[in-house]
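Trainee: Sharing a structure, written as structure tokens. Questions coming.
The values are calculated or read from the model by the stated rules, or taken from the named source; none is laboratory data. Note that this is a predicted model, so its numbers are computed, not measured. Ideal geometry is used to build each Cβ from the backbone, glycine not excepted, and the neighbour counts take in all protein chains shown.
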Amino acid sequence: MTNISELKQRHKVVIMGSGPAGLTAALYTARANLEPVVFEGLEAGGQLTLTTDVENFPGFPDGVMGPDLMNAMRQQALRFGAKSVMAEITAVDFSKRPFKITIGDTVLEADTFIISSGASARMLGLESEKSLLGYGVSTCATCDGFFFKDKELLVIGGGDSAVEEAVFLTKFASKVSIVHRRDQLRASKIVQDRAFKNEKLGFIWDSEVEEILGSKETGVTGAKLKNTKTGEVTVKEADGVFVAIGHNPNTELFKGQLEMDEVGYLITKSGSTETNVPGVFAAGDVQDNIYRQAITAAGTGCMSAIDAERFLEEHAE
Ligand code: NAP
């Protein structure tokens, strides 16, 4: 790790975010002698650090632990001269080159900027969800599942994340119920099949969470569910609620400077990682609301590095 005070003022490549996209961009730009600086951000290593077994990253026939994979990616980038800084970028100014990058009290300059800040868990937006977060409400089954041994759990959502997390939680919990607002899952077929075969897993269809019940003292005790077809409200007892309803891209910093879609995903030019600002590139989940896999993030991270390298060649001073 590099301390921010050790950094020089101007950099050829600054990378924001340290998931598979950011670290692959770092590896490629480091091997091109561009001495990239990676600002790791609040979730160093990205979403894979919140998972256990990764079974679908090519090259690991027996699977690999998410944190181990990310650590290996970081070591590989550092080996070729990338610098990794444990700090969060707080502001950017893309109005002219070199771009101005603010990290607290420090302002650095960057000739190119690669955004790989990923996406963060979406929340239901309930007051009770906010107040009980960490007291029985969680967004990360792999982080918190262990604490719910022999307990009853609810998992909210119907996508791959919700179903995979629910299956994972059955390793600990006595019973897991997936609460989904429709009567059909969005999750892929293979994930669904696994879930339907799991005897500890149940489904509460056509239902939305109106309120999560409990207190900081008691922890979660259940949830008030509303049937979306009949309007009927029921109380389902549970010891924990896992919210797994997707993610929001981390693009708050770029509002007004970069083009994004209505959800906030950065828009890149077709077949490239270039944003609407020449010299600013986006890779990984921050610009991908379709695939969002570690391998696709790494792939676009590689693309962004090659795009940045070409841009620097074309704009050599
Ligand atoms: P997702 O596919 O967007 O699914 C989100 C789910 O949450 C949907 O079922 C949605 O309901 C529900 N939802 C959204 N907002 C809600 C709200 N306010 N209240 C109640 N329910 C709400 O997100 P994801 O499951 O995180 O998956 C994201 C991407 O990562 C997908 O492309 C997925 O394939 C991929 N992924 C892959 C794997 C894997 O390959 N092993 C694992 C995890 C994720 P509706 O269905 O009604 O819209």
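Trainee: Name the pairs whose Cβ atoms lie under 6 Å apart, with the first residue in segment 178-196 and touching a residue at least 40 places away in the same chain (Cβ under 8 Å), the second within 8 Å of the ligand (Cβ to nearest atom), and 6 or more positions between them or separate chains?
Mentor: Sorted first by the residue in segment 178-196, then by its partner, the pairs are VAL179/ILE156; ARG181/GLU208.
Trainee: Now for a different question. Just one of (1) touching a residue at least 24 places away in the same chain (Cβ under 8 Å); (2) within 16 Å of the ligand (Cβ to nearest atom); (3) hydroxyl-bearing (Ser, Thr, Tyr) trips up THR29, so point out which.
Mentor: (2)
Trainee: Something else: For segment 285-302, which positions are within 12 Å of the ligand (Cβ to nearest atom) and not polar (S, T, N, Q)?
Mentor: The first filter runs over segment 285-302 and keeps only residues within 12 Å of the ligand (Cβ to nearest atom), leaving 285, 288-297.
Listed by number, the residues that qualify are ASP285, ASP288, ILE290, TYR291, ARG292, ALA294, ILE295, ALA297.
Trainee: Across segment 148-173, which residue is surrounded by the fewest Cβ atoms within 10 Å (Cβ to Cβ) among those that are of a type in the set (Gly, Ala, Ser) and within 15 Å of the ligand (Cβ to nearest atom)?
Mentor: GLY159
Trainee: Hand me the list of strands (runs of 3 or more DSSP E) wholly inside segment 109-192 holding 3 or more residues that are basic (Lys, Arg).
Mentor: none
Trainee: For segment 264-315, what are the residues that are part of a loop (DSSP other than H, G, I, E, B), among the small types (Gly, Ala, Ser) and out of contact with any Cys (no Cβ under 9 Å at 6 or more places or on another chain)?
Mentor: GLY264, SER270, GLY271, SER272, GLY279
Trainee: Next up: Name the residue that is surrounded by the fewest Cβ atoms within 10 Å (Cβ to Cβ), counting only residues in segment 174-208 that are more than 14 Å from the ligand (Cβ to nearest atom) and more than 20 Å from LYS224 (Cα to Cα).
Mentor: Only one residue tops the list, namely GLU199.
Trainee: From the list ASP93, ASP105, which one is of a type in the set (Asp, Glu) and over 26 Å from ASN276 (Cα atoms)?
Mentor: ASP105
Trainee: Could you identify the single residue in VAL92, VAL64, VAL85, VAL54 that is in the same structural domain as LEU253 (by TED's automatic domain parsing) and free of Cβ contacts under 8 Å to residues at least 60 places away in the same chain?
Mentor: It is VAL64.
Trainee: Quick check, is ASN227 within 14 Å of the ligand (Cβ to nearest atom), under 29 Å from SER18 (Cβ atoms) and out of contact with any helix residue (DSSP H, G or I) (no Cβ under 8 Å at 6 or more places or on another chain)?
Mentor: In short, no.
Trainee: While we're on this one: Can you tell me which of (1) within 11 Å of the ligand (Cβ to nearest atom); (2) within 18 Å of the chain's Cα centre (by Cα) is the one GLY118 doesn't meet?
Mentor: Looking at each condition in turn, GLY118 falls short on (1).
Trainee: Can you work out which of the residues in segment 135-147 that are away from the ligand (no atom under 12 Å from the Cβ) and crowded, with 22+ Cβ neighbours inside 10 Å is farthest from GLY240 (Cα to Cα)?
Mentor: Across segment 135-147, the extreme among qualifying residues is GLY145.
Trainee: Just one of ASN33, ASN3, ASN56 is among the polar types (S, T, N, Q) and within 19 Å of ILE295 (Cβ to Cβ); which is it?
Mentor: ASN56 is the lone residue from the list that is among the polar types (S, T, N, Q) and within 19 Å of ILE295 (Cβ to Cβ).
Trainee: Under the condition of being assigned to a helix (DSSP H, G or I) and among the charged types (D, E, K, R), which residue from segment 49-89 is surrounded by the most Cβ atoms within 10 Å (Cβ to Cβ)?
Mentor: ARG74
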